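Okay, so here's the structure we're looking at.
The values are calculated or read from the model by the stated rules, or taken from the named source; none is laboratory data. Quantities reported herein were computed from a predicted structural model and do not represent experimental measurements. Cβ coordinates were reconstructed from backbone atoms using ideal geometry, including for glycine residues, and neighbour counts include every protein chain displayed.
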Amino acid sequence: MDLLAQMCQDQQYLAIDPPPERQLLNISSELPANLVLKCMSDSRLPHDLRASFTRLMLHLHVVRGSPLNAIRHARLWREIPDKVTISGNPSRSVEGYVDGGRIRTGGEFFVKVLKTVDVYLEDLRKSTREGEAVLSASAAKLDENRLTFEVVTLARALAHFGFYSFADLLRLAHNLLAIADSSPKKHSGISCLICFIGIFTVVTVLYPDANQIRRTKHALVFDSKSAYDKTSSLFRQVTYSVIGVNAMQKAAKQHSSHLQSETQSAEDTARAKESQQVILETKLIIVEILNFIMDVRRDYRITVALSWFKRQFPCDDIGELYSEADLSEQDASRLCEEVFQECEEELDFDGDRGQLLLRILLQMTMSDFSKLTSTALTVLFRHFTQYQEFVEDLKQVQLLVSNDDVENYRQVDRDLFILKILTEKSELWIQADKARSESSSSHSFEEHSSSVDDSPRPLLSVRSTSQQLEEIGLNAPRAFHNDESFRALVEKIDQHYSPAREECIKLLYELLLGDDRALAASALYELSDRTPLIGYPLVRQVCSQTQTIL
């Protein structure tokens, strides 16, 4: 399983789904997604074997195409909703062209994958006694920690490729924070520290006289002595980690000595160290997921702000305001209240107004794993700069209102998707033998014709390829309007794919003239798999259309 997963890593299509003419092993058909899911979720199997199946699921069936951008600065004015809710916030994949994983396997299947990930994380939390850390760096827990690492890595890919809704991402963040908490019993320290600093700041403002400050501070120290004792050590460790002093080396040695006893063998000691390293890498993945969810939250706040503007300043279809816009300070205050204050509870990661998030991030900054420390600091700083990020996002938003802008945007969006997929599949554009290619292409289309949508399409008469393309409208401006690319398309079909000409033309119609983005994506994947040489006239036409728009 590890070997097969390694073969499929980084989207190696020759291992995942090679073209028939290459006569290679098709791992995705030999190990279908349902079978891999059953194996990775079967609790009767050993943890290390389940981890291997989870890794195989990641590289074989999930990672297809390119990750989605969490933040969209280009928006269509007509598609901005009047009311925005977290439960009604669609996934990014619904609004753009669908990538390969959902096309190959089906969106319904990934609902089961998401449920499997959530059930595993929740069971992991429930199996831990209250007050103890979920992740234990012991030799006996090494295989279980490896499985947890693979499941969290799979969750990161599912998030980046748009399988999670925003509401599901917030629930995922809650589970991940509970798993990453290394000291759940010692949660009062940071809260007391924050309260102490807050009280001292208020006293300083209320009593500017130095003697009064000294007397008041003296009283506070006696009243808060226990809180100060609990938090002073934590405060020093955070300070040392930020300024680069190796303070945590001493803590790491103490933790290591606690794990090791005189009765432990050398093998158990090595497994315990490896288990600790796996835990650190798992926490790194968790922080990366939290950083991505913060980006999704930024995108949601942009949508909330634009929805507020749309309600306050309505306009017609061409962008003309019905009345003169006058944005006052009160309007800006109401906008800030709607974006941040009214949504604060819903957008909370931990259900505790971010206190649990801050405490866990501070724990991670005290790690001796430099990559985890730097990433945790980045997320920690982002937590305190949400207002600045929102202002910068509003400066970068581009609203497309006119019909020409909307049409050009959709055209460029589709063309970029075509270029992206064809570039990723370019390593398969090899024709070893013309005769074998023709026969295999004809055979493959006969096998896959049943998978193509049976919706009504224009009937194709027995005519030349050029006449059929013109009859179906593939010489329109949205399709092969350039004469050179149109002739190249006719030449490729006649020379290499004549037996499957009608099926090829139907797929081109769905890709270039259809309105359903899911069907267009499916048609492009089918064309790139079965008729790869058509990619050349497609790229030529995309370049021609881009020059026209520019």
*Does Leu135 meet the test of being assigned to a loop (DSSP other than H, G, I, E, B), in contact (Cβ under 8 Å) with a residue 24 or more places away in the chain and surrounded by 20 or more Cβ atoms within 10 Å (Cβ to Cβ)?*
yes
*Please give the number of the condition Arg156 fails out of (1) farther than 14 Å from Met40 by Cβ; (2) surrounded by 22 or more Cβ atoms within 10 Å (Cβ to Cβ); (3) touching a Phe, Trp or Tyr at 6+ places or on another chain (Cβ under 9 Å).*
(2)
*Give just the number: which of (1) modelled with pLDDT of 80 or more; (2) more than 22 Å from Leu347 (Cα to Cα); (3) surrounded by fewer than 18 Cβ atoms within 10 Å (Cβ to Cβ) does Gly106 not satisfy?*
(1)
_Can you tell me how many residues within the range 19-45 are exposed (fewer than 14 other Cβ atoms within 10 Å of the Cβ), in a helix (DSSP H, G or I) and of a type in the set (A, V, I, L, M)?_
1
*Of the numbered conditions (1) of a type in the set (Ser, Thr, Tyr); (2) surrounded by 14 or more Cβ atoms within 10 Å (Cβ to Cβ); (3) assigned to a helix (DSSP H, G or I); (4) modelled with pLDDT under 90, Tyr97 fails exactly one; give the number of that condition.*
(3)
_All but one of (1) within 23 Å of Val84 (Cβ to Cβ); (2) acidic (Asp, Glu); (3) in a helix (DSSP H, G or I); (4) modelled with pLDDT under 85 hold for Asp317; state the number of the condition that does not hold._
(3)
